[in-house]
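The values are calculated or read from the model by the stated rules, or taken from the named source; none is laboratory data. Since the structure is predicted, the reported quantities are computational estimates derived from the model, not experimental observations. Please note: Cβ atoms are built from the backbone with ideal geometry, for glycine as well, and neighbour counts cover all protein chains shown.
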Amino acid sequence: MDPARPIFLFTDFGWSGPYVGQMIGAVRSICPSCPVASLMHDAPAMRPDLAAYLLAACCDGLPRGSVVVAVVDPGVGGERAALIVETPDLTFVGPDNGLLSRLPRTTHVHRIDWRPTVMSSSFHGRDLFAPVAAYLACGKEVAATPLASHTMAGSDWPEDTGQIVFVDAYGNLMTGLRAARINKNRRVLVADQSIRHAETFCHVVPGGLFWYCNSQGLLEIAANGTSAAKRLSLALGDEILIN
């Protein structure tokens, strides 16, 4: 028997409470040998419009064949569909609310028709998405209907966004802009400041603001040794301009 594919969890649940552990338990109850790892659990809370750009960047470089369970789902229990989205390298399971719409080179989209015997109306991450991921990781089929990718929620969103999609523990501001697309001579305009590019923190004077290509390939604004978020009074969803 082929080994189970690894599963990665991407959610806005945070680390408190039983939620992450119960998702792992749901996977293991179906596929005990399946490796499960947390990609992140502090994705932008209740903001699939921001988390979509972060998800696409964070999954670059994951082992080929992995299954990613992505749950930022403020509409849980409502009319939104549940999806399986395939790219050439990865399979994603999550809600049809735009969260899965920014994945590069999407090849196949399916609406999940399978349902468990018992399903909480408020925790589809545990009762629907994690079990589906486990079945897929073990090579089992799940009842699903093919869809056209352009019918997905968020399919008309821009490829990149200048909004802040994540603020890390250091106060660094991650945007939804792919840094490789931006000339290093250009400046970021925000809060009446013009911020130049630098390769990394040690190339900037203490306290100095700069933008750079972060480890996820996204444009990030930082301040050497202090919080750029506090310096600039920026938060999730705020937008920057490129000059």
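Here are some notes:
- Only a single item in (1) within 10 Å of the chain's Cα centre (by Cα); (2) among the aromatic types (Phe, Trp, Tyr); (3) not in a helix (DSSP H, G or I) is not met by Tyr53, and it is number (3).
- Those strands (runs of 3 or more DSSP E) lying entirely in region 159-243 with at least 2 residues in contact with a helix residue (DSSP H, G or I) (Cβ under 9 Å, 6 or more places away or on another chain) and surrounded by 17 or more Cβ atoms within 10 Å (Cβ to Cβ): 161-167, 173-178, 209-213, 218-223
- Summed over region 110-157, residues that are within 27 Å of Pro3 (Cβ to Cβ) and of a type in the set (Gly, Ala, Ser) total 8.
- For region 56-77, the candidate set comprises residues that are without any contact (Cβ under 8 Å) to a residue 60 or more places away in the chain and under 10 Å from the mean Cα position of the chain (by Cα); within that set, the residue that is nearest to Ala133 (Cα to Cα) is Cys59.
- Unmet criterion (only one of (1) out of contact with any Lys or Arg (no Cβ under 9 Å at 6 or more places or on another chain); (2) surrounded by 15 or more Cβ atoms within 10 Å (Cβ to Cβ); (3) touching a residue at least 40 places away in the same chain (Cβ under 8 Å)) for Met40: (3)
- A search for C-beta distances below 6 Å between a residue of region 163-176 that is small (Gly, Ala, Ser) and at pLDDT 95 or above and any residue that is surrounded by fewer than 19 Cβ atoms within 10 Å (Cβ to Cβ) and not in a strand (DSSP E or B), counting only pairs 6+ apart in sequence or on different chains, returns Gly171/Ser227; Gly171/Lys230; Gly176/Asp160.
- Odd one out for Glu141 among (1) in the same structural domain as His41 (by TED's automatic domain parsing); (2) charged (D, E, K, R); (3) surrounded by 15 or more Cβ atoms within 10 Å (Cβ to Cβ): (3)
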